[in-house]
Amino acid sequence: MATDYDAPRRNEADELGEDSLEELKARRAEAQSSSVDVDETDFNESLELPGADLSNEELTVRVLPKQEDEFTCSRCFLVQHRSRLAATRGGENYCRDCAA
Ligand SMILES: [Zn+2]
């Protein structure tokens, strides 16, 4: 008789667990959908801040003023060190790769 009790108990526990999971999922979906509606007004305001941060990151990573010992290749338009200057024709500089 002990096994008879055991089997239905397990099923009940499983069903309860699934039910509560489904409930949680449903509640989460509700919370998400409602938070999306609420966020839309806040979204425009908060959008400017991350945008500003991104441009700052680009500035620090990409934009460096050309140094005194550097030149811009007239063919590949890369800023390179003077040691890579291979030719100057008509006031235009060419790096080793492009002058070859
Ligand atoms: Zn070049």
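Values quoted throughout were computed directly from the atomic coordinates according to the rules given, and no laboratory measurement underlies them. Keep in mind that what you see is a predicted model, and the values were worked out from it rather than measured.
Numerical summary
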item	result
Extended-chain gain in nm, criterion 0.36 nm per residue less alpha-carbon gap, R89 and F77	2.8 nm
Under the Karplus curve 6.51 cos²θ - 1.76 cosθ + 1.60, θ = phi - 60°, whole-Hz ³J(HN,Hα) for the range 66-72, x wherever Gly or Pro sits	5, 7, 4, 9, 10, 9, 9
Fully extended contour minus Cα-Cα distance, from D69 to A29, at 0.36 nm per residue	8.5 nm
